[in-house]
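To start, the structure itself, in structure tokens.
The values are calculated or read from the model by the stated rules, or taken from the named source; none is laboratory data. Values in this document were obtained by computation on a predicted structure and should not be read as measured data. Backbone-built Cβ (ideal geometry, glycine too); neighbour counts: all protein chains shown. Note: areas computed on protein heavy atoms with side chains; ligands, DNA, RNA excluded. Shrake-Rupley method; radii C 1.70, N 1.55, O 1.52, S 1.80 Å.
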Amino acid sequence: MRVYLDHCAYNRPFDDQKNIKNQLETSAKLHIQEQIKKGKYDLVWSYMSDFENNNNPNVENRKAIQLWENLAKYKCKSSEAILIQGDKIKKTGIRANDALHIACAIESKCKYFITTDTGLINKKIEEIQIVNPIDFVCRMEGQNEN
């Protein structure tokens, strides 16, 4: 199964861990990444992942996140289809960069788009399931009926 992590998810371990929600999301995200390393899920990395990561002002965080490009089984390059899909998604009220990330995930045939951005989690996109790392782990571990 192919999965796409957005940069909110990649950056969660670097956020304030005194916040319990951040702790839980970090734990779930790290679990997902362990499963990726074990081959349970296929990670997709995109040109948008490069774009956002290259603009990360924290050099250490940027280096740590960049390592995941090498572990990605699939790399998504920009295309006309992605730009068209991104424009369609943007019309649902999703910001341009997020819309392009989602379009990359759809074009790469991901089943799940994993994010910690609550504004995205509440959006419904027909072609992909947008989930929080905690919800994803619960679904995959059979703990959530949804």
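See the values below:
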quantity	calculated
Search result, residues across the stretch 98-142 that are more than 21 Å from Asn11 (Cα to Cα) and open to solvent by 70 Å² or more (accessible area, probe 1.4 Å)	Glu107, Lys109, Lys111, Lys124, Glu126, Glu127, Glu141
Matching option when the condition is crowded, with 16+ Cβ neighbours inside 10 Å and outside any helix (DSSP H, G or I), among Asn56, Asn22	Asn56
Selection from the stretch 9-18 of residues that are open to solvent by less than 50 Å² (accessible area, probe 1.4 Å) and of a type in the set (A, V, I, L, M, F, W, C)	Ala9
Given (1) surrounded by fewer than 15 Cβ atoms within 10 Å (Cβ to Cβ); (2) under 14 Å from Ile114 (Cβ atoms); (3) among the aromatic types (Phe, Trp, Tyr), number of the condition Phe51 does not satisfy	(2)
Out of Ala28, Ala99, sole residue that is in a helix (DSSP H, G or I) and in contact with a Pro (Cβ under 7 Å, 6 or more places away or on another chain)	Ala28
Members of the stretch 31-42 that are part of a helix (DSSP H, G or I) and more than 21 Å from Ile106 (Cβ to Cβ)	His31, Gln33, Glu34, Gln35, Lys37
Residue in the stretch 60-70 that is open to solvent by less than 70 Å² (accessible area, probe 1.4 Å) and of a type in the set (Lys, Arg) present	yes
Qualifying residue in the stretch 72-81 (condition: open to solvent by 20 Å² or more (accessible area, probe 1.4 Å), touching a strand residue (DSSP E or B) at 6+ places or on another chain (Cβ under 6 Å) and within 26 Å of Cys138 (Cβ to Cβ))	yes
Residue check, Trp45 open to solvent by less than 20 Å² (accessible area, probe 1.4 Å) and either within 25 Å of Arg139 (Cα to Cα) or part of a loop (DSSP other than H, G, I, E, B) (or both)	yes
Boolean, Arg95 is open to solvent by 20 Å² or more (accessible area, probe 1.4 Å), under 20 Å from Phe14 (Cβ atoms) and either of a type in the set (A, V, I, L, M, F, W, C) or at pLDDT 95 or above (or both)	no
Where Gly142 falls short, out of the listed (1) of a type outside the set (Lys, Arg); (2) at pLDDT below 95; (3) touching a helix residue (DSSP H, G or I) at 6+ places or on another chain (Cβ under 9 Å)	(3)
